[in-house]
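Step one of this worksheet: look at the structure below.
The values are calculated or read from the model by the stated rules, or taken from the named source; none is laboratory data. What you see is a predicted model; the values in this text were computed from it and never measured. Neighbour counts run over all protein chains shown; Cβ positions are idealised from the backbone, glycine included. Please note that ligands, DNA and RNA were not included when accessible areas were found on the heavy atoms of the full protein model with its side chains. Shrake-Rupley method; radii C 1.70, N 1.55, O 1.52, S 1.80 Å.
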Amino acid sequence: MIDLPTEPESLALPLAPEGQSLNIAPRRHTLIRIALLAICTLVAYSPAMQGGYIFDDIKHIQNDKRLRTTEGLHKIWFNVTEDYQHQYYPLTSTGYWVQYQLWGSKTLGYHLVNVILHIANALLLWRLLWLLCGRFPGGGGGAYLAGLIFALHPVHVQSVAWMVELKNVLSGFFFLASANLFITWCFHRTTASLWRYAAALGLFLAALLSKTAASSLPLALLFILIWKRPGQLKKNLTQLIPFFVLGIGFSYLTKFLEENYSAGNTDLGLDFADRLVLLGQTVWFYSSKLVFPGDLRFIYPRWTADASDLTQWVDLIALGVVLLVLWLMRRRFTAGPLAAAAFFLVGIGPLVFVTVAYMRLSYVANHWVYWASFGFIAVMGSVIHYVPHQIFKGKPVKWVIPILFCSLLFARTWNHAHLYENRTILWRDVIEVYPDCEVAQLNLANSLRNTEPAQAIYHYYQSMLFQPDLSKDAFSLGTHYFDMGYPDLARFYATKAAALSPKNARVQFQLGRFCMTHGDVDQSIVHLKRSLARDPEMHSAIALLAHAYLIKNDLKRAEELAEKAFELKPKDSKTLSALGMVRARQGKNEDARKYLKQAIVLDPVPGDAMLNLGILLHQEGNLSAAMMYYNKVLGEQPNSAAAHAKLGFAHAQRQQWQDAFEHCSKAVELEPSRTDAARKAAEALGHLGQFDHARKMLEQILEQRPQWPQALNDLAWLRAIDGQTSALPLAKQVAAQTKSRVAIVLDTLGAAYAATGQFDKAIEQAQKAFHIAQQSGEASLASGITLRLDRYRQKQPWQNFDRSPGSPGSPGSPQPNHAAN
């Protein structure tokens with residue numbers, strides 16, 4: 001146990017005598033105390049060290065494109081309103097930028113920096129309080145205790161464990177460093193020490209560039225001067241003018257940006273009287289959390305501030321009484337508590353009178369009390385140190401209360417830091433007391449998508465119940481349904497999100513993606529273009545639009561977009577995959593193979609690149625290799641409709657009809673818009689002899705695409721070989737659509753005539769089909785037509801499903817077996 005020496009009897013401690021050394025304590029004691037504070041703080045926050053991204057971390061760190069380039073650093077400093085990122089805190093954003101260059105998206109480094117800065121802040125607070133309380137043999141125990149309490153207080157967990165709150169700990173560091181230098185210069189002023197004043201002003205500017213809440217520093221220094229140097233107030237006040245100018249200027253800038261670019265048109269429904277009531281409520285709320293930090297939450301329920309309710313004025317009246325008592329005590333005892341209370345009030349009070357975006361959720365937040373707590377904790381440290389020392393003078397028991405109090409704070413901080421291990425734990429804790437918090441419901445749903453998908457859907461619906469007019473809830477639910485294999489629901493909610501936020505680039509991109517899944521390529525292109533109109537460099541939208549133009553056979557646009565995507569992200573697997581498919585369509589198979597293999601190297605997990613390489617090999621006739629890649633994709637993505645469809649087509653080429661049916665029907669189940677796969681499944685059923693089932697599938701296809709000639713021809717063929725007279729009108733319709741120029745269509749028309757007993761017409765159509773098949777190089781079909789001509793000349797209809805001889809079904813190909821169906 002470290003024996004911390006006592007301080008004088010009074011809390012009104014004198015300043016360090018001028019000219020004396022400002023060493024805080026003998027070096028050995030100082031180092032031991034620093035080590036004790038640092039180790040305790042690191043251990044207390046260790047549960048949060050491996051925590052992932054939560055809430056605003058995703059936007060400001062993980063997804064902030066500015067952190068990735070040197071150009072982004074320029075935007076951080078000089079693009080104040082363009083692409084506004086919630087606040088203009090360029091030094092904090094530069095901190096993110098530097099860390100991103102060092103450790104990318106790995107979270108440990110971000111957490112460690114926050115904790116180190118918090119430790120530094122506790123040490124700076126200790127030094128500042130020591131400067132104000134005087135120099136005593138062995139150091140100021142009350143000042144050190146206040147620093148230790150600040151380091152271990154659980155109300156600060158949100159500011160330290162939440163990565164995005166670098167703005168708090170960084171601005172706090174510059175705030176306290178500036179205060180230390182200003183007080184040192186002011187109380188021990190010499191001409192040679194003028195650099196301290198300039199440095200203090202520079203550090204204050206750095207604090208403002210980290211977070212504007214540091215603008216309360218000039219008032220804090222003013223309160224200190226009134227308390228400690230009232231006789232030199234006029235002289236010292238002049239030195240504070242530059243501080244006030246900077247503080248007021250940055251405060252107005254932040255107020256303007258918050259109300260015009262972040263909070264928008266948010267109306268909290270509070271008039272001036274309501275905000276006065278709220279002031280009293282928030283002061284006592286934060287005071288209670290600092291004294292009794294039991295029930296701490298990431299987001300607190302938002303209460304109602306109503307000035308018409310006279311009982312709600314009690315908090316403000318009580319606050320006035322406390323300030324009056326402290327004012328009356330200032331001469332008899334000390335003005336220190338009054339200065340601390342005044343700073344606490346100005347630290348949190350201004351927030352009540354502005355509309356901050358976060359106030360949509362709650363009027364209070366633990367991270368808002370970080371700087372304001374300096375004065376409050378200074379008084380706590382003094383009282384907890386002073387009182388036992390007065391009661392148990394010279395006895396070791398005097399340390400029991402300080403040690404016990406710090407131990408309780410340590411335990412509570414360590415326990416509270418566990419909430420930041422992962423976002424699921426955090427949001428469940430919020431919902432426990434704030435179930436109607438839309439943000440908490442939405443974020444909990446997002447955290448459960450992979451582990452508890454059904455529970456995620458429940459929380460998405462809860463979030464929409466509480467805020468039905470927010471697009472992000474519908475957007476997230478639509479994405480979740482898509483990942484679960486429900487494309488219709490995905491498109492429905494994406495459409496709803498787009499209606500609520502038509503100018504949101506991500507929403508438009510997602511809707512374009514879902515339209516593509518449904519086979520609605522034209523509509524997909526519309527939404528992808530809208531997305532790029534809002535964000536011209538959205539790489540994912542560019543790559544997908546290139547794919548859409550590939551489907552439309554617009555190779556020129558597809559190539560332009562794929563190359564643009566390549567310029568933006570040359571080492572992105574999706575980009576290389578898209579460029580590879582463009583080259584394949586251009587007949588440049590070697591280039592296509594090169595890009596697709598590079599994509600697989602970058603992302604070895606089977607996906608789009610591997611699927612596209614399989615398609616390329618399939619087109620080249622390397623069926624075995626293609627099927628191997630399709631199976632690899634399905635091993636990783638069992639719900640890939642494209643992979644199932646392509647594998648089904650490959651099995652059909654090998655006349656493995658059962659496997660072809662299973663994979664093609666699975667593709668249709670996953671994406672009902674895949675009518676090509678549905679048609680191939682119906683063909684497989686025909687080869688398996690399940691004609692009724694095949695007809696039903698074709699009829700369902702035609703409900704989606706009623707004029708699709710291929711499906712109409714297939715259905716007419718099935719009806720013709722089954723002897724149904726309804727085959728003839730269908731066959732005539734297809735012949736008219738194709739202007740009687742397609743061999744297989746005329747072959748079907750001949751079979752339909754034969755089914756109705758019109759064999760002369762059947763022979764006529766079959767002969768036409770035979771000549772067209774010979775001219776177009778369809779030798780297998782021509783051979784089959786020869787067999788049918790023989791049948792028609794014998795006045796017999798064709799009843800085999802297989803059109804060509806030599807297939808597994810000929811001459812004994814499946815006959816209609818209704819009992820089997």
- Query: On the given criteria, is Trp327 without any contact (Cβ under 8 Å) to a residue 12 or more places away in the chain and not in a loop (DSSP other than H, G, I, E, B)?
  - Reply: yes
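Each row is one residue, and each column tells you yes or no for (1) assigned to a helix (DSSP H, G or I); (2) acidic (Asp, Glu); (3) open to solvent by 10 Å² or more (accessible area, probe 1.4 Å).
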{"residue": "Ala151", "(1), (2), (3)": "yes, no, no"}
{"residue": "Val157", "(1), (2), (3)": "yes, no, no"}
{"residue": "Glu165", "(1), (2), (3)": "yes, yes, no"}
{"residue": "Ser171", "(1), (2), (3)": "yes, no, no"}
{"residue": "Ala200", "(1), (2), (3)": "yes, no, no"}
{"residue": "Ala220", "(1), (2), (3)": "yes, no, yes"}
{"residue": "Trp227", "(1), (2), (3)": "yes, no, yes"}
{"residue": "Ile241", "(1), (2), (3)": "yes, no, yes"}
- Task: Starting from the range 426-438, take each residue that is free of Cβ contacts under 8 Å to residues at least 60 places away in the same chain and within 17 Å of Tyr458 (Cβ to Cβ) and list its partners that are open to solvent by 30 Å² or more (accessible area, probe 1.4 Å) and of a type in the set (S, T, N, Q), counting only C-beta distances under 6 angstrom and pairs at least six apart or across chains.
- Result: Glu438/Gln467
- Item | the range 277-302: number of residues that are at pLDDT 90 or above and either at positive phi or part of a loop (DSSP other than H, G, I, E, B) (or both) | 8
- Message: For the structure I just gave you, tell me whether Thr266 is polar (S, T, N, Q), within 34 Å of the chain's Cα centre (by Cα), under 23 Å from Gly172 (Cα atoms) and at pLDDT below 90.
- Response: no
- Task: Evaluate the following for Val43: is it at pLDDT 90 or above, of a type outside the set (D, E, K, R) and surrounded by fewer than 20 Cβ atoms within 10 Å (Cβ to Cβ)?
- Result: yes
- Item | Matching entry among Gln390, Gln441 (being touching a residue at least 24 places away in the same chain (Cβ under 8 Å) and exposed (fewer than 15 other Cβ atoms within 10 Å of the Cβ)) | Gln390
- Item | Selection from the range 396-420 of residues that are in contact with a Pro (Cβ under 6 Å, 6 or more places away or on another chain) and over 27 Å from Ala143 (Cβ atoms) | His418
- Item | Members of the range 453-474 that are modelled with pLDDT of 90 or more and open to solvent by 70 Å² or more (accessible area, probe 1.4 Å) | Ala454, Gln455, Tyr458, Tyr461
- Quick one: which residue in Leu361, Leu404, Leu419 is out of contact with any Leu (no Cβ under 8 Å at 6 or more places or on another chain), under 30 Å from Phe475 (Cβ atoms) and not polar (S, T, N, Q)? Leu361
- Task: Answer yes if at least one residue in the range 305-316 is closer than 30 Å to Asp56 by Cβ and among the hydroxyl-bearing types (Ser, Thr, Tyr), and no otherwise.
- Result: no
- Message: Tell me whether the range 367-375 contains one or more residues that are open to solvent by 20 Å² or more (accessible area, probe 1.4 Å) and either under 20 Å from Tyr144 (Cβ atoms) or not in a helix (DSSP H, G or I) (or both).
- Response: no
- Item | Tyr252 vs. criteria in a helix (DSSP H, G or I) and modelled with pLDDT under 90 | yes
- Message: Among the residues that make up the range 543-552, is at least one of them open to solvent by less than 60 Å² (accessible area, probe 1.4 Å) and in a loop (DSSP other than H, G, I, E, B)?
- Response: no
- Query: Regarding Phe175, is this residue open to solvent by less than 10 Å² (accessible area, probe 1.4 Å), under 23 Å from Leu237 (Cα atoms) and modelled with pLDDT of 85 or more?
  - Reply: yes
- Message: Given the criteria at pLDDT 90 or above and either under 25 Å from Pro672 (Cα atoms) or not in a helix (DSSP H, G or I) (or both), does Leu511 qualify?
- Response: yes
- Filtered residues of the range 781-795 (kept if open to solvent by 70 Å² or more (accessible area, probe 1.4 Å) and either part of a loop (DSSP other than H, G, I, E, B) or touching a helix residue (DSSP H, G or I) at 6+ places or on another chain (Cβ under 9 Å) (or both)): Arg791, Arg793, Gln794, Lys795
- Message: Being touching a helix residue (DSSP H, G or I) at 6+ places or on another chain (Cβ under 7 Å), open to solvent by less than 10 Å² (accessible area, probe 1.4 Å), at pLDDT 90 or above and in a helix (DSSP H, G or I) is true for just one of Leu419, Leu477. Which residue is that?
- Response: Leu477
- Taking the range 513-536 as the search range and keeping residues that are among the small types (Gly, Ala, Ser) and over 15 Å from Glu671 (Cα atoms), which one is surrounded by the most Cβ atoms within 10 Å (Cβ to Cβ)? Ser531
- Item | Residue within the range 620-640 that is surrounded by fewer than 24 Cβ atoms within 10 Å (Cβ to Cβ) and closer than 23 Å to Asp554 by Cβ present | no
- Message: closer than 30 Å to Asp802 by Cβ, at pLDDT below 90, over 29 Å from the mean Cα position of the chain (by Cα) and surrounded by 15 or more Cβ atoms within 10 Å (Cβ to Cβ): which single residue out of Leu647, Leu613, Leu617 fits that description?
- Response: Leu617
- Task: Take the range 670-683 and flag every residue that is over 14 Å from Trp717 (Cα atoms) and either in a loop (DSSP other than H, G, I, E, B) or of a type in the set (A, V, I, L, M) (or both).
- Result: Leu670, Glu671, Pro672, Ser673, Arg674, Ala677, Ala678, Ala681
